Every structure is written in C-alpha cells, then in structure tokens.
Amino acid sequence: MSELPDFRHAHFTVSDENPFRLTPPRDQANFDNVADASKRASSGRSASPPYPNPEYEDIFDALKNAVKQRTKQGTAFLSLFNSELMLIKRSLLITVVASMAVFVISMVCWVILNVGLSIALYSVNLSVFVIICILLCINVAAAILLFRLAKNASQLVSFERVIGLIKRSLLT
C-alpha cells in the first residue's frame, strides 16, 4: 500500500500556464516527507525566517523618516489652509471696498439720471404725480435687479473649500 502525500507540508511552484491558478497541477507540487523534515531538524538546518531581521538603526531611521514625513505633511496642510484663509480675506476686503465704491458712484449717476429723466418728462407736459410714479417704477425695477445680482455674487464667497479641506484631511 502506497503512502499518501501530506498536503499540509507541500510547496508549490508557480504554475507555468497561469500564475494565478489556485491549485497547480500535481507534477508541480514538492512534497516534504516526514522523514525529510526529521533529517533537516537533526542536521541543524532550519528554515529561513519569512521576514528579514532589521537592525535597531534601520528601525530608528524608519521612524525618524515617518515623523519627518508626517511633519512635512502637516506643514503643507497648514500652509494650504493659511493660503485659503488669506484668499477668502482678500476676496471679502476687495468685495467690500468695490461694493462701497460702486455704491457711491452709482448713487451719483442715478440721481443725475433721475433728475434728467424728470426734467425730460416735465418738458412733455406730464403732471408731477405721473412723473413720480414712472420714476418710482424704474427705481424699484433697478433695485430688484441689483438685489438679485448681489445675492448671486454673495454665494461665491464662502468657506466651503476650507471646510472641505479640513474634512479631507481628517478623513485621511
């Protein structure tokens, strides 16, 4: 009666036809007999360790490099965060100053335009009440248009990018 091979001690080589094959053919299996294992144990030859044995200096250098990399990553994150905040601050400052300048200039121009329009309507012999109603309708329409424009512009100034940056950094 022949002895059955012990598949727990079998070592397989890579399959020639398909290296991802889970069960290579029987002719590629190298079986370790129990007698061979006892001979190796008695001769003092041990199996090679699966992982290299690193030295203390290698481990210490790897830890120092990991700390340096983490520090540089934190510094880069803080630099990016600071630049985003500076961009928002400058955007808000420019928006406020430009809005005030546009407001002053537009008010002067608007008053001049209203005065000119009212003089033109008065020279056509319209009553003062009709002139006031026409100017009121024009001014209300312009105010609604400018309010919508300001509302759309204010949506562009937000902290969404900074919040997204913080979320991404905390999740990784």
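The values are calculated or read from the model by the stated rules, or taken from the named source; none is laboratory data. Source: prediction; values computed, not measured. Counting neighbours? That spans all protein chains shown, and the Cβs are built from the backbone with ideal geometry, glycine included. Side chains are part of the model used for accessible areas, which takes the heavy atoms of the whole protein and leaves out ligands, DNA and RNA. Shrake-Rupley method; radii C 1.70, N 1.55, O 1.52, S 1.80 Å.
Here is how the numbers come out for the structure above:
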{"quantity": "Selection from region 80-130 of residues that are within 18 Å of Leu149 (Cβ to Cβ) and among the aromatic types (Phe, Trp, Tyr)", "calculated": "Phe103, Trp110"}
{"quantity": "Neighbours by Cβ (under 9 Å, 6+ apart or cross-chain): first from region 158-169, touching a residue at least 40 places away in the same chain (Cβ under 8 Å) and among the β-branched types (Val, Ile, Thr); second part of a helix (DSSP H, G or I) and surrounded by 14 or more Cβ atoms within 10 Å (Cβ to Cβ)", "calculated": "Val162/Phe81; Val162/Glu84; Val162/Ile88; Ile166/Phe81"}
{"quantity": "Residue within region 114-137 that is open to solvent by 100 Å² or more (accessible area, probe 1.4 Å), β-branched (Val, Ile, Thr) and under 29 Å from Arg90 (Cβ atoms) present", "calculated": "no"}
{"quantity": "Residues of region 144-172 satisfying the condition of being surrounded by 10 or more Cβ atoms within 10 Å (Cβ to Cβ) and assigned to a loop (DSSP other than H, G, I, E, B)", "calculated": "Val157, Ser158, Phe159"}
{"quantity": "Top-ranked residue in region 41-92 [being among the hydroxyl-bearing types (Ser, Thr, Tyr) and either open to solvent by 90 Å² or more (accessible area, probe 1.4 Å) or farther than 22 Å from Arg161 by Cβ (or both); ranked as modelled with the lowest pLDDT]", "calculated": "Ser46"}
{"quantity": "Criterion violated by Ala101 - all others in (1) among the hydrophobic types (A, V, I, L, M, F, W, C); (2) more than 24 Å from Ser154 (Cα to Cα); (3) open to solvent by less than 80 Å² (accessible area, probe 1.4 Å) satisfied", "calculated": "(2)"}
{"quantity": "Verdict on Leu117 being hydrophobic (A, V, I, L, M, F, W, C) and outside any helix (DSSP H, G or I)", "calculated": "no"}
{"quantity": "The lone exception for Val111 - which of (1) open to solvent by 80 Å² or more (accessible area, probe 1.4 Å); (2) not in a helix (DSSP H, G or I) it fails", "calculated": "(2)"}
{"quantity": "Ile119 vs. criteria at pLDDT 90 or above and touching a helix residue (DSSP H, G or I) at 6+ places or on another chain (Cβ under 8 Å)", "calculated": "no"}
